[in-house]
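S.K.: Here you go, one structure.
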Amino acid sequence: MRRDLLCAGLLLALAVIFWFQQDYTTPVDAVLPRFVLVVLAVLGVAIGAAALLRSRRGREGTAQAAAPARTDAEGVPGAGAAVVGPDASPAVHGDGSGGADGGEDAPVDRRVITAAILLLLGWGAAFGLFGLAVSGVVAFVATAALVKRGFTPVRGLLVDTGVAIGFVLLCFFVFTRVLYVPLPVSVLLGI
């Protein structure tokens, strides 16, 4: 919870600091920076609120766990009675992990992190060469494959490509028509 609250505070502080540092000559120049600052502030509030709600639920769960378990007349847990407290055994799933979220955190695979970094660097290099349309769709599909840990059958690839095209078109529309941010044109393709 502390990390979430620290992250929320940092996002809000950055949004406030940069909001008061704005100095633009025209209102159009301020559209994108103000949009980004508002998004940062909203994310900060959302992360902080979620952390506080999780903390509150955790305290309620601890109080409930400290309450004695309901039993029938013979001292055996009755039908529908929840066994809570120190006598309750943790739920064990078919994979042997405890807890609903899989128990412990999964170890970080350094190969996936390296691949993600290389993917971002490659997209940054391809952005100027191939433009937003081509490089965005390829980067989106490659990211989907990285998240899924490999390419899916043809149907999955078609779905990922369709979503990528829709997302890239949405980004193009938002940046060029709403935020008035010019996007780089492809050096090789001219689009």
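The values are calculated or read from the model by the stated rules, or taken from the named source; none is laboratory data. Being a predicted model, the structure only gives us computed values, none of them experimental. Note that each Cβ is placed from the backbone with ideal geometry, even for glycine, and that neighbours are counted across all protein chains shown. In case anyone asks, the SASA skips ligands and DNA or RNA and just uses the protein heavy atoms, side chains included. Shrake-Rupley method; radii C 1.70, N 1.55, O 1.52, S 1.80 Å.
S.K.: Can you work out the Karplus-derived ³J(HN,Hα) for every residue in the range 176-185? Use 6.51 cos²θ - 1.76 cosθ + 1.60 with θ = phi - 60°, whole Hz, and x for glycine or proline.
M.R.: Taking θ as phi minus 60°, the curve returns 8, 9, 9, 8, 6, 9, x, 9, x, 8 Hz for the range 176-185.
S.K.: Rolling a 1.4 angstrom probe over the protein heavy atoms, how many square angstrom per residue are accessible across the range 131-190?
M.R.: Result: 66 Å² of accessible area for each residue.
S.K.: Rounded, prolate or oblate: which one fits the range 120-159, using the alpha carbon gyration tensor with axes a ≥ b ≥ c (rounded when a/c is under 1.5, else prolate when a/b beats b/c, else oblate)?
M.R.: oblate
S.K.: Next up: Run the quick spin-label model on LEU5 and ILE113: label points 7 Å from Cα toward the beta carbon, then report their separation in nm to one decimal.
M.R.: Using points 7 Å along Cα→Cβ, the separation is 2.7 nm.
S.K.: While we're looking at this one, here's another question. Determine, from the Cβ-Cβ distance of THR176 and ARG56 and an R0 of 45 Å, the FRET efficiency 1/(1 + (r/R0)^6), rounded to the nearest 0.05.
M.R.: 0.55
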